[in-house]
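The values are calculated or read from the model by the stated rules, or taken from the named source; none is laboratory data. As the structure is a prediction and not an experimental result, all values here were calculated from the model. Using ideal geometry, Cβ is built from the backbone for each residue, glycine included, and neighbour counts are taken over all protein chains shown. Accessible surface is based on the protein model in full, side chains and every heavy atom, while ligands, DNA and RNA are left aside. Shrake-Rupley method; radii C 1.70, N 1.55, O 1.52, S 1.80 Å.
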Amino acid sequence: MTEILIILFAALIHGALGLGFPITATPLLAWQGSLMRAIQLTLIPTIAINTLTIAQQPSPWQAFRPFLSILPAIVIGTITGSLFIIYFNPDIFRVLMALVIIAFLWLDRKKQLEHTNPGIHTRGVFLTGLATGFLVGTVNAGVPALIIFVLYNRLSREQGIVLFNSCFMTGKFTQLALFGGLGILDAEWQKMGFMLLFVAVIGVLIGLWLGKYLDQARWRAAMRWILLLIAVSLIYRVFSTLMQ
């Protein structure tokens with residue numbers, strides 16, 4: 001019952017903001033069991049939520065077409081980040097990411113990040129993909145790079161939502177193929193995963209309805225708050241590790 005409520009709550013947030021399901025559901029589910037089990041349980045619901053969220057946008061292909069190069073970049077970045085984590089302490093990257101987020105938010109608040117060029121350069125998209133994948137590989141959190149990219153380039157809410165969900169879907173399909181190939185996904189996962197799928201769909205549909213009352217300014221403000229919460233949680237996690 002607890003898992004159902006967690007999935008419902010996380011899906012509702014995702015529907016309203018366009019992101020937030022894995023970030024919210026994974027740590028809450030991990031408290032009920034292992035992190036690996038939490039990741040497995042969110043695989044099918046996340047893919048379904050991403051698909052539904054993208055489909056609800058007015059022109060998803062037009063919104064995502066300028067960012068096609070981000071998908072292979074995410075794959076490359078994830079592989080690179082995974083190799084780095086073998087040789088370096090992940091806390092280094094958590095602190096670095098937290099400092100980058102705080103610096104971005106401070107500069108953004110001081111209006112020092114006015115983006116006057118209306119064009120979206122392919123190089124910037126590719127580098128964002130590399131950064132996102134690298135963070136996924138090292139600290140399992142690529143969302144900050146995407147949010148910073150969206151806020152800096154002043155993308156519309158529709159473009160941001162399609163970008164977020166396309167990247168998340170790519171990652172989850174990769175995990176699904178990997179876990180399936182390794183034989184990690186058992187019968188219990190299949191039963192729970194598909195049951196939670198229906199709960200997630202209900203939650204995201206309610207969230208999408210609520211999201212209609214969230215204008216562009218409030219949506220951008222929510223993105224900034226999410227970044228701040230991620231930065232605080234990263235710093236807290238590092239200090240908690242050092243105190244042990």
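Filter the stretch 213-235 for residues that are under 17 Å from L99 (Cβ atoms) and among the small types (G, A, S); which is surrounded by the fewest Cβ atoms within 10 Å (Cβ to Cβ)?
Per the criteria, the residue is S233.
Of the residues that make up the stretch 98-118, is at least one under 16 Å from the mean Cα position of the chain (by Cα) and modelled with pLDDT under 85?
yes
Can you go through T26, T42, T53 and tell me which one is part of a helix (DSSP H, G or I), modelled with pLDDT of 85 or more and under 17 Å from the mean Cα position of the chain (by Cα)?
Only one candidate qualifies: T53.
Before we move on, is F168 open to solvent by 20 Å² or more (accessible area, probe 1.4 Å), of a type in the set (F, W, Y) and out of contact with any Phe, Trp or Tyr (no Cβ under 6 Å at 6 or more places or on another chain)? Full working, then the answer.
Working: open to solvent by 20 Å² or more (accessible area, probe 1.4 Å): yes; of a type in the set (F, W, Y): yes; out of contact with any Phe, Trp or Tyr (no Cβ under 6 Å at 6 or more places or on another chain): yes.
Spelling it out, F168 is indeed open to solvent by 20 Å² or more (accessible area, probe 1.4 Å), of a type in the set (F, W, Y) and out of contact with any Phe, Trp or Tyr (no Cβ under 6 Å at 6 or more places or on another chain).
Give me a count of the residues in the stretch 82-94 that are in a helix (DSSP H, G or I), modelled with pLDDT under 75 and either touching a helix residue (DSSP H, G or I) at 6+ places or on another chain (Cβ under 9 Å) or acidic (D, E) (or both).
8
With (1) free of Cβ contacts under 8 Å to residues at least 60 places away in the same chain; (2) over 23 Å from L127 (Cβ atoms) as the list, and L214 as the residue in question, which single condition is left unmet?
Of (1) free of Cβ contacts under 8 Å to residues at least 60 places away in the same chain; (2) over 23 Å from L127 (Cβ atoms), only one is false for L214: (1).
Do we find a residue being among the aromatic types (F, W, Y), more than 21 Å from the chain's Cα centre (by Cα) and part of a helix (DSSP H, G or I) anywhere in the stretch 220-230?
The answer is no, given that none of the residues of the stretch 220-230 is among the aromatic types (F, W, Y), more than 21 Å from the chain's Cα centre (by Cα) and part of a helix (DSSP H, G or I).
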